[in-house]
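Shown next, in structure tokens, is the structure this report addresses.
The values are calculated or read from the model by the stated rules, or taken from the named source; none is laboratory data. These numbers come from a predicted model, not from an experiment. Virtual Cβ from ideal backbone geometry, glycine too; neighbours counted across all protein chains shown. The area values use the complete protein model at the heavy-atom level, side chains included, leaving out ligands, DNA and RNA. Shrake-Rupley method; radii C 1.70, N 1.55, O 1.52, S 1.80 Å.
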Amino acid sequence: MPTNFTAEPVRVRVPATSANLGPGFDALGLALGLYDDVAAEVAPDGVRVTVTGQGAGELPDDDRHLVVLAMRAAFDVLGAHPTGLSVECVNRIPQARGLGSSSAAIVAGVLLARALVVDGEHRLDDAGALRLAAEIEGHPDNVAPCLLGGFTVAWSEPNGARAVSLPVAAAVRPTVFVPAERGLTATARAALPATVPHGDAALTAGRAALLVHALTTDPTLLLPATVDRLHQDYRAAGMPGTSALVSALRAADVAAVVSGAGPTVLALSQPPAGFPVGTDWEIWQLPIDVSGARVARGRLGHAERDPVAAGRKS
């Protein structure tokens, strides 16, 4: 079947995400109101990527860029082979901080590729987009909330990843503490043991189940619901500042966890006024994104090209 591409550019807005949320290792995720805007169009030849904001001057400007790699993977599924690509990224999600920057790039690439193909949604539906994004990322906990919005529970089956999005109680108001230092998911995963004690696994499973109830229905239970024994303690030595801040916040009855693989800290309940954080952290109050990734036609406008993170407060 011949492939027809749209003549006009397409654009997508993708939210930041926080995965794990304490006990929900590789399964639970939350979409946050901090966004990357990415636009793409088919070009006569070659690949050109421009980056503004986070990662500018650091990320590749050619077909090594993660958005382009994800687009290529989606085009392969779609059976499409564009002559060239022009991609514009306005990034507000910090790179390598545990806020889903790579998942945002992957989701953006998959959705842009699908939107550039005239019948792309028929060839690759939403379930297929999730499976592909999770396959590229390696696990679905960040790509699921990025695609679907809200609070997501993701899992993998023999034919790929699946996920559901659940509404979040209005009293849940996330705060993220973002350090200047960066972290690498691969390094954080390397710190995890091959096995854990049965008791730790059982406790964490129970708290993950409780966390679903706490986030959707009863936020007063967030502190006990965010207890984890699967990953955070094992990773603590590699990010001592993050571990210390999580411990200090929890001692003040704040439901704080490591965001994804870190080093950002996520608080699901409000820190007390005047809580001593120090100068090493940027503090952003972020709304929960309920829509997930959003695709539109046309190039990025003036508002989308603004590299300042809309909606965050420090």
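Can you say whether Thr175 is at pLDDT 95 or above, open to solvent by 70 Å² or more (accessible area, probe 1.4 Å) and more than 20 Å from Ala27 (Cα to Cα), as far as the supplied structure shows?
In short, no.
As an exercise: evaluate Thr220 against (1) under 26 Å from Ala96 (Cβ atoms); (2) exposed (fewer than 15 other Cβ atoms within 10 Å of the Cβ) and give the number of the one condition it does not meet.
Only one criterion in (1) under 26 Å from Ala96 (Cβ atoms); (2) exposed (fewer than 15 other Cβ atoms within 10 Å of the Cβ) is unmet by Thr220, namely (1).
Any chance the stretch 205-216 includes a residue that's touching a Lys or Arg at 6+ places or on another chain (Cβ under 9 Å) and either open to solvent by less than 60 Å² (accessible area, probe 1.4 Å) or closer than 27 Å to Pro15 by Cα (or both)?
Checking the stretch 205-216: at least one residue is touching a Lys or Arg at 6+ places or on another chain (Cβ under 9 Å) and either open to solvent by less than 60 Å² (accessible area, probe 1.4 Å) or closer than 27 Å to Pro15 by Cα (or both).
Here is a yes/no grid of residues against (1) more than 23 Å from His139 (Cβ to Cβ); (2) not assigned by the TED database to the domain that holds Asn142:
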| residue | (1), (2) |
| --- | --- |
| Asn159 | no, no |
| Leu184 | no, yes |
| Leu203 | no, yes |
| Thr217 | yes, yes |
| Pro224 | yes, yes |
| Leu230 | no, yes |
| Tyr234 | no, yes |
| Ser243 | no, yes |
| Val246 | no, yes |
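Only residues that are open to solvent by 30 Å² or more (accessible area, probe 1.4 Å) and at pLDDT 95 or above: list them for the stretch 245-277, please.
Once the filter is applied, which keeps residues that are open to solvent by 30 Å² or more (accessible area, probe 1.4 Å) and at pLDDT 95 or above, the stretch 245-277 yields Ser247, Ala248, Arg250, Ala251, Ala252, Asp253.
Of the residues Asp141, Asp119, Asp126, which single one is open to solvent by less than 20 Å² (accessible area, probe 1.4 Å) and charged (D, E, K, R)? Working first, answer last.
Numbers: Asp119 fails: open to solvent by less than 20 Å² (accessible area, probe 1.4 Å); Asp126 fails: open to solvent by less than 20 Å² (accessible area, probe 1.4 Å).
Just a single option satisfies the conditions, and that option is Asp141.
Taking Ile93 as the residue in question, decide whether it is of a type in the set (Val, Ile, Thr), in contact (Cβ under 8 Å) with a residue 12 or more places away in the chain and assigned to a loop (DSSP other than H, G, I, E, B).
On the way: of a type in the set (Val, Ile, Thr): yes; in contact (Cβ under 8 Å) with a residue 12 or more places away in the chain: yes; assigned to a loop (DSSP other than H, G, I, E, B): yes.
So Ile93 fits the description; yes.
Could you list, in sequence order, all residues of the stretch 211-252 that are without any contact (Cβ under 8 Å) to a residue 60 or more places away in the chain, under 20 Å from Ala170 (Cβ atoms) and not in a helix (DSSP H, G or I)?
Within the stretch 211-252, Thr217, Asp218 meet the criteria.
So in the stretch 31-55, with the set limited to residues that are among the polar types (S, T, N, Q) and touching a Ser or Thr at 6+ places or on another chain (Cβ under 9 Å), which one is least open to solvent (accessible area, probe 1.4 Å)?
Of all residues in the stretch 31-55, those among the polar types (S, T, N, Q) come to 50, 52, 54.
Going one step further and asking which of them are touching a Ser or Thr at 6+ places or on another chain (Cβ under 9 Å), we end up with 50, 54.
Working: Thr50: 45, Gln54: 62 Å².
Here the residue is Thr50.
I'd like to check something: does the stretch 56-72 contain any residue that is open to solvent by less than 10 Å² (accessible area, probe 1.4 Å) and either acidic (Asp, Glu) or in contact with an Asp or Glu (Cβ under 8 Å, 6 or more places away or on another chain) (or both)?
Checked against the condition, which is being open to solvent by less than 10 Å² (accessible area, probe 1.4 Å) and either acidic (Asp, Glu) or in contact with an Asp or Glu (Cβ under 8 Å, 6 or more places away or on another chain) (or both), the stretch 56-72 yields at least one hit.
With the structure loaded, tell me whether Gly183 is at pLDDT below 90 and within 27 Å of Pro271 (Cα to Cα) or whether it fails that test. Reasoning before the result, please.
Details: at pLDDT below 90: yes; within 27 Å of Pro271 (Cα to Cα): yes.
So Gly183 passes the test.
Go through the stretch 21-57 and report how many residues are without any contact (Cβ under 8 Å) to a residue 40 or more places away in the chain and β-branched (Val, Ile, Thr).
1
Filter the stretch 273-297 down to the residues that are among the charged types (D, E, K, R), within 11 Å of Phe177 (Cα to Cα) and part of a loop (DSSP other than H, G, I, E, B) and list them by number.
Step one: of the stretch 273-297, the residues among the charged types (D, E, K, R) are 280, 282, 289, 294, 297.
Subsequent filtering for residues that are within 11 Å of Phe177 (Cα to Cα) retains 280, 282.
Of everything in the stretch 273-297, just one residue is among the charged types (D, E, K, R), within 11 Å of Phe177 (Cα to Cα) and part of a loop (DSSP other than H, G, I, E, B), namely Asp280.
Inside the stretch 6-30, can you point out the residues that are touching a Phe, Trp or Tyr at 6+ places or on another chain (Cβ under 6 Å) and surrounded by fewer than 24 Cβ atoms within 10 Å (Cβ to Cβ)?
Looking only at the stretch 6-30, we keep the residues that are touching a Phe, Trp or Tyr at 6+ places or on another chain (Cβ under 6 Å), and these are 13, 15, 30.
Within the stretch 6-30, just Arg13 meets the criteria.
May I ask you to verify whether Pro82 is under 23 Å from Gly298 (Cα atoms) and either assigned to a loop (DSSP other than H, G, I, E, B) or modelled with pLDDT under 95 (or both)? Steps first, please.
Details: under 23 Å from Gly298 (Cα atoms): yes; either assigned to a loop (DSSP other than H, G, I, E, B) or modelled with pLDDT under 95 (or both): yes.
Answer is yes for this residue.
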